[in-house]
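Colleague: Here's a structure for you.
The values are calculated or read from the model by the stated rules, or taken from the named source; none is laboratory data. This is a predicted model, so every value here is computed, not measured. When we count neighbours, we look across all protein chains shown, and the Cβ atoms used for this are built from the backbone with ideal geometry, even at glycine.
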Amino acid sequence: MFFRSHYTIVTLDDVKASVAGARPLPPRCLLITFDDGFADNLEYALPLLRKHAVFATIFVTSDVIGRQERLWTEDLLWAFTAGRVRPCDLARLHALLLGQGEHDPDDPKLIWDIVRRGPELDDEQVQAAFSGLNIDLHRITWPRQMLTRDGLAHLVASGVSIGAHGKTHTAMTSSSDVATELSRPRAVLNDIVIAQGQSSVDALSVPHGAYTSGIVNQALAAGYALVFTGDPVLSTLKNGFLVSPLIGRLDVDGRRIAPTGDFLPEVLAASLFTASQRQSGVALQFARPARHSRFASMAARCNLL
Ligand SMILES: [Zn+2]
């Protein structure tokens, strides 16, 4: 209700039309997005979207489609955050998985290094590393954690737009194969969504919000029309048209906004209305218009960072 009271909620197609110069966005517009491809997007988010008659976009990591479990890196992060991973075990795990020798166990970068680089590692290598360590990931296998192909098809048929979120969920700035991280999810997801009426998958959300100007340019060259980041900025519109295909998002993680689990309108409003505005694209330099409006894109995150 808060969003509908203050914004015109637009679709991914509306945003694509704006960046292509075909159709302007309305004033005070907002795009709602979810990342990763969790099954609860179908179970919980879709009924709420329908109830309030609003649109959303889900960015999906193609390798996790149909999996019972979350990525092991996410389970590791939750275990670490809950204090269930000893620093010495984490440092050993880092050395086993990523090499480069032993690190200071209290180095705060260790966990993020594993979370960002781990998803592309070979399963056998990961299992071998964990087998010698005392780390319990408390893996959840029921209910199914990730969306299935059928679930994705149902979402598209229900009006949800699907975008890509990498192949493995490895940060592209650390990936050994950025080209495949860009191309594979498009191929897998196109195979699912086109039959349900979505024209194609041509929007990308970069995993972990990690990108460089080179990666953005590579994504655009690979056929993506829009690249969504985790930068907490509003996007500039000139006469209703987006001036950059690089789009920031404001995280509405409920744990940050309202510890009770409910959004507090006044806190949400403050985070939206005081968000900074992208001065210029990191990858593509655009002149800032003299008169401008703003486009908000919000990443609603139920499970992931
Ligand atoms: Zn993600």
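Colleague: Can you tell me which residues in the range 147-165 are more than 12 Å from the ligand (Cβ to nearest atom) and outside any loop (DSSP other than H, G, I, E, B)?
Modeller: Of everything in the range 147-165, those that are more than 12 Å from the ligand (Cβ to nearest atom) and outside any loop (DSSP other than H, G, I, E, B) turn out to be R149, D150, G151, L152, A153, H154, L155, V156, A157, S161, I162.
Colleague: Another question, then. Given P47, P24, which one is in contact with a Phe, Trp or Tyr (Cβ under 7 Å, 6 or more places away or on another chain) and either in the same structural domain as L268 (by TED's automatic domain parsing) or not polar (S, T, N, Q) (or both)?
Modeller: Going through P47, P24 in turn, just one is in contact with a Phe, Trp or Tyr (Cβ under 7 Å, 6 or more places away or on another chain) and either in the same structural domain as L268 (by TED's automatic domain parsing) or not polar (S, T, N, Q) (or both): P24.
Colleague: So in the range 215-243, with the set limited to residues that are of a type in the set (G, A, S) and touching a residue at least 60 places away in the same chain (Cβ under 8 Å), which one is surrounded by the most Cβ atoms within 10 Å (Cβ to Cβ)?
Modeller: Residue satisfying both the conditions and the ranking: S235.
Colleague: Within the range 118-127, take every residue that is in contact (Cβ under 8 Å) with a residue 24 or more places away in the chain and part of a helix (DSSP H, G or I) and give me the one that is nearest to the chain's Cα centre (by Cα).
Modeller: My answer is P119.
Colleague: Another question, then. When you look at L155, is it crowded, with 24+ Cβ neighbours inside 10 Å and more than 15 Å from the chain's Cα centre (by Cα), yes or no? Explain how you work it out, then say what you get.
Modeller: Details: crowded, with 24+ Cβ neighbours inside 10 Å: yes; more than 15 Å from the chain's Cα centre (by Cα): yes.
The answer is yes for L155.
Colleague: Taking interchain pairs and intrachain pairs at least six residues apart, which have beta carbon atoms under 7 angstrom, with the first residue in the range 47-61 and under 10 Å from G159 (Cα atoms) and the second polar (S, T, N, Q) and buried (at least 20 other Cβ atoms within 10 Å of the Cβ)?
Modeller: These pairs meet every condition: A56/T33; T57/T33; T57/S161.
Colleague: Could I ask something else about it? Just one of (1) under 28 Å from L48 (Cα atoms); (2) within 16 Å of the ligand (Cβ to nearest atom) trips up T168, so point out which.
Modeller: Failing condition for T168: (1).
Colleague: Give me the residue from the range 62-117 that is β-branched (V, I, T) and in contact (Cβ under 8 Å) with a residue 60 or more places away in the chain and, out of that set, surrounded by the fewest Cβ atoms within 10 Å (Cβ to Cβ).
Modeller: I65
Colleague: Does I32 satisfy the condition of being within 18 Å of the chain's Cα centre (by Cα), modelled with pLDDT of 95 or more, in a strand (DSSP E or B) and buried (at least 22 other Cβ atoms within 10 Å of the Cβ)?
Modeller: no
Colleague: Going by the structure shown, is A20 more than 30 Å from R92 (Cβ to Cβ) and within 16 Å of the ligand (Cβ to nearest atom)?
Modeller: Against the criterion (more than 30 Å from R92 (Cβ to Cβ) and within 16 Å of the ligand (Cβ to nearest atom)), A20 does not qualify.
Colleague: Further question: Within the range 158-172, is there a residue that is free of Cβ contacts under 8 Å to residues at least 40 places away in the same chain, assigned by TED's automatic domain parsing to the domain that holds I247 and buried (at least 20 other Cβ atoms within 10 Å of the Cβ)?
Modeller: No; the residues of the range 158-172 include none that is free of Cβ contacts under 8 Å to residues at least 40 places away in the same chain, assigned by TED's automatic domain parsing to the domain that holds I247 and buried (at least 20 other Cβ atoms within 10 Å of the Cβ).
Colleague: Tell me which residues, restricted to the range 221-245, are closer than 23 Å to D63 by Cβ and outside any loop (DSSP other than H, G, I, E, B).
Modeller: Hits for the range 221-245 are A221, L226, V227, F228.
Colleague: Turning to a different aspect of this structure: Scan A269, A187, A195 and give me the residue that is part of a helix (DSSP H, G or I), at pLDDT below 95 and hydrophobic (A, V, I, L, M, F, W, C).
Modeller: Being part of a helix (DSSP H, G or I), at pLDDT below 95 and hydrophobic (A, V, I, L, M, F, W, C) holds for just one of A269, A187, A195, which is A269.
Residue-by-condition table, conditions (1) more than 16 Å from the ligand (Cβ to nearest atom); (2) at pLDDT 95 or above; (3) assigned by TED's automatic domain parsing to the domain that holds L189; (4) part of a helix (DSSP H, G or I):
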residue: K51; (1), (2), (3), (4): yes, no, yes, yes
residue: W78; (1), (2), (3), (4): no, no, no, yes
residue: R84; (1), (2), (3), (4): yes, no, no, no
residue: C88; (1), (2), (3), (4): yes, no, no, yes
residue: A91; (1), (2), (3), (4): yes, no, no, yes
residue: L96; (1), (2), (3), (4): yes, no, no, yes
residue: H103; (1), (2), (3), (4): yes, no, no, no
residue: D106; (1), (2), (3), (4): yes, no, no, no
